[in-house]
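Here is the structure we will look at.
The values are calculated or read from the model by the stated rules, or taken from the named source; none is laboratory data. Note that the coordinates shown come from a computational prediction; the quantities given were computed from them, not determined experimentally. Glycine also receives a Cβ, built like all others from the backbone with ideal geometry; neighbour counts cover every protein chain displayed. Only protein heavy atoms, including side chains, enter the accessible area calculation; ligands, DNA and RNA are left aside. Shrake-Rupley method; radii C 1.70, N 1.55, O 1.52, S 1.80 Å.
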Amino acid sequence: MLLKIIIFLTSSLFSLVSFEFFLENSPFEYGITPVEYDSQIGMWHKKGFEGYAIKECYKTKYKFNKEGLPSSIYKHNPAKENVAILGDSYIEGIMVKNENIIHNSLAKEFNNKYNFMNYGLSGSSPVQQFIILKDKINLKNTKYVIQFINLEGDLLDVDSKNLNSLARPKVYVEFDSMDKYKINPPRAKTLYDNIGDFLGDYQIYAFIKKSMYYLKEIISIKKEQKTDKEEGEKDLSKNWLYLKGSIYQSNKLIKLMNPAAQYKIVINSNKNNNKLKLGGFLLEEGIQYIYLDDVLKKFKINLGGFSCDSHWNNNAHKDIAKVIKKIQFIN
């Protein structure tokens, strides 16, 4: 019996190693995960790490510095003021060539006037970005905090009930009002997270995750269709509170830590009602903002995206940086 167990374990290990070798040396490679467990956020970029973002339409090398930020093309200069950029995977931009990601495109547009630092994180919403601002950004030497909000997606992602059970853990903030909130930290690191961090250095991890997501989607699709028919229009009042509360608290924190710093928001949305609702709130709070699509139309720019997903491509990042410079959103 013991011999059979040893043979089974040895065969399983050999199979995994062989499959990993196959993935690394075949057209079906997935790349490895760029994140690991983080006690503050739930997940954060691997520090001092390089890898490849791989999909049907791109294979791009990405690099993170010793803080886990997308690398800058210029060396950080402590004598210069910082510009901290917040956002989700669109801003993180690991599928974009490093020199073209928004922070580096802005650095080139402004001739390295500031230290442009990219705190974008895939899967994050303004509630996680508030905690990133609080726990990972040094606001003392920060001139601007620029936050990119993908409005329709962020409205859903601020609520923890929309967290996929297969996803990495996340910190969440629950608001009773804009002034009263509770931080729900990410769960303590579990065996599941330890296994994820270990396997995350191998391509088989991405293969397993994609397979699990695919199976779950097949199982739940009928249930979701039924739910959508029954629910009709969703009540997003709580989501709006969480979104506004995150922005309100971020603004409050910035003013407290550095009254000279400026907090500005770029709104990316295709729904006028949502744009006006958020814009009206920001106007009341004295937070400067722009509607990205309106500004781009003014300059007759159409944002380009990758053909295999919705993320902005290299030219889009460069175009946004040019527009921000032209309208003097950053001086």
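Here region 60-158 is assigned +1 on the Cβ of each Lys and Arg and -1 on the Cβ of each Asp and Glu. Its dipole about the Cα centre then comes out at about 600 debye.
Residue-wise HN-Hα couplings along region 85-101, as the Karplus relation 6.51 cos²θ - 1.76 cosθ + 1.60 with θ = phi - 60° gives them from phi, are 10, 10, x, 9, 5, 4, 8, 3, x, 5, 8, 9, 4, 3, 5, 9, 4 Hz; Gly and Pro carry x. The local environment of residue 329, defined by Cβ-Cβ distances under 12 Å, has a net charge of +3 under the rule Lys, Arg +1 and Asp, Glu -1.
Each residue was assigned an accessible area with a 1.4 Å probe, and for residue 179 the value is about 90 Å².
Remark: for residue pairs 134/252; 46/252; 180/255; 298/322, the C-alpha separation exceeds 20 Å in 46/252. For residue 124, the accessible surface of its heavy atoms amounts to roughly 0 Å² (probe 1.4 Å, protein chains only, rounded to the nearest 10).
Distance cut-off 32 Å, Cα to Cα: go down the list 97/136; 108/161; 182/277 and report the pairs above it. Among 97/136; 108/161; 182/277, the Cα-Cα distance tops 32 Å for 108/161. The heavy atoms of residue 178 offer some 60 square angstrom of accessible surface to a 1.4 angstrom probe. Sequentially through region 61-68, phi angles give Karplus couplings (6.51, -1.76, 1.60; θ = phi - 60°) of 7, 10, 9, 10, 7, 5, 9, x Hz, Gly and Pro residues having no value and appearing as x.
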